[in-house]
Amino acid sequence: MSVTAARFTKGRLMMGAALGLATLAAGACTPLRAHQGYIIDADLVNSVQPGVDNRNSVLQTLGKPSFTSQFNQGDWYYVARDTRNFAYNNPKVTSQITLRVMFDQNGTVTGVSRGGVEQIASISPSGEKTPTLGRKRGLFDELFGNIGTVGAIGGPPGGGGDRDQP
């Protein structure tokens, strides 16, 4: 093999490796799409009729709800969310459907409503520390603060005598 042919082969090999790395790098920046939650079938949702269906028929038709209401025990929620994530960023919600099935005291459907992205609440936690009630305790208070506060077996709490009494 001549020197020119060896250089040409080495150059092609380097070009192929560079092209392969570029392809892998471009693939890493592909946006990822994900679906989370319930898969909503419009025909099944439209088959749920207020005044006709009950909890059992809704459970058989739509399946188990994503969650139930904490305050009004008669509401079931089915939530579906589509997100898009690009590289290392946080996922962005592209669409969300919240299906709410409301029941009366007897378990009969009273209504079905749909919501979308407008129902997403944006919260911002406060700082790095959670505010607490009470006084600030230092390191030594944390380490040695309970010494002498445990009562004897069968005795009153406070074990150190009547320190808390006037």
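Determine whether A121 is within 18 Å of Q70 (Cα to Cα) and assigned to a loop (DSSP other than H, G, I, E, B).
Values: within 18 Å of Q70 (Cα to Cα): yes; assigned to a loop (DSSP other than H, G, I, E, B): yes.
Criteria met by A121.
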Condition set in contact with a strand residue (DSSP E or B) (Cβ under 7 Å, 6 or more places away or on another chain) and charged (D, E, K, R), scope segment 28-77, selection nearest to S95 (Cα to Cα): answer is R33
Quick one: would you say A34 is outside any strand (DSSP E or B), within 24 Å of the chain's Cα centre (by Cα) and over 19 Å from R114 (Cα atoms)?
-> no
Would you point out which residue out of D162, D104, D141 is closer than 30 Å to N56 by Cα and either at pLDDT 80 or above or more than 34 Å from the chain's Cα centre (by Cα) (or both)?
-> D104
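In segment 95-105, which residues are exposed (fewer than 13 other Cβ atoms within 10 Å of the Cβ) and touching a residue at least 24 places away in the same chain (Cβ under 8 Å)?
Q105
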State whether one or more residues within segment 13-31 are on the phi < 0 side of the Ramachandran plot and within 17 Å of the chain's Cα centre (by Cα).
-> no
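Looking only at segment 31-50, count how many residues are loosely packed, with under 10 Cβ neighbours inside 10 Å and either more than 19 Å from D82 (Cα to Cα) or free of Cβ contacts under 8 Å to residues at least 24 places away in the same chain (or both). It would help to see each step written out before you state the result.
Of all residues in segment 31-50, those loosely packed, with under 10 Cβ neighbours inside 10 Å come to 39, 42-43, 46.
Still in the list and also either more than 19 Å from D82 (Cα to Cα) or free of Cβ contacts under 8 Å to residues at least 24 places away in the same chain (or both): 42-43, 46.
So the answer is 3.
Return yes when Q49 is farther than 23 Å from Q96 by Cβ, at pLDDT 80 or above and part of a helix (DSSP H, G or I) and no when it is not.
Judged against the criteria, Q49 is not a match.
The values are calculated or read from the model by the stated rules, or taken from the named source; none is laboratory data. Computed from a prediction, not measured in an experiment: that's the story for all the values here. Because the Cβ atoms are built from the backbone with ideal geometry, glycine has one as well, and the counts that use them run over all protein chains shown.
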